[in-house]
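In what follows, a single structure is set out as structure tokens and then discussed.
Bear in mind these aren't lab numbers, they're just calculated from the coordinates by the rules spelled out. Remember, it's a predicted structure, so these values are computed and weren't measured experimentally. Virtual Cβ from ideal backbone geometry, glycine too; neighbours counted across all protein chains shown.
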């Protein structure tokens, strides 16, 4: 008779895990779009700092749901805590998107937005590491191999994006550069925001695909276990 209790607890934790993965799947693109329009468009200015904070709060809620799964696993908990900390930092920095839009000439606001972008990249990387740890605990070998392969690719893309951004920021501090580098920096400066968005979209899309695939595998295994 003691067996149904842990099984019921496991099913509840798996249910929260599935809901958390679904919230992350929908929350990531929502947060990207809301933050973009807060920083660049007039449509959300009426709501002030609320839209980006609400969008990132959804990601924090998703991580809170996921935390119900395997709380005794130390490596898994460490990966989850890193994602939670980065999500909280992103939440705290998100109002600067609106303030930077309102006062674009303020250097402090611009610096905070730059830090926000860096933390957001780190958060996306932490989610990939979190998915890798989750895949290691699931019994599906095919899913585990897919997660390992695509998270590795995502982490390399995000590292490349961060490195290129750092090189751009360093070169832009020099006043005397070869002519071709000056022209390149001018082009990058005009389209830097769009370039960063495009460089983030591919790992974001692959992360969303992994979230959805993991959710479906867990849901299917729970469904078949109850049949």
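A Förster distance of 41 Å, applied to the separation of the beta-carbon atoms of residue 102 and residue 216, puts the FRET efficiency at 0.45.
Computed on region 1-110, with alpha-carbon pairs under 8 angstrom and 6+ residues apart, the relative contact order is 32 percent. Normalised radius of gyration for region 4-226, please: alpha carbon Rg relative to 2.2 N^0.38 Å, two decimal places. That ratio works out to 1.14. With R₀ fixed at 30 Å, the C-beta to C-beta distance from residue 169 to residue 61 puts the FRET efficiency at about 0.35.
Fully extending the segment from residue 206 to residue 49 would add 53.6 nm, taking 0.36 nm per residue of separation and subtracting the current Cα-Cα distance.
Kindly state, to the nearest 0.05, the FRET efficiency for residue 186 paired with residue 77, given R0 = 35 Å and r defined as their beta-carbon distance. For residue 186 and residue 77, the calculated efficiency is 0.15.
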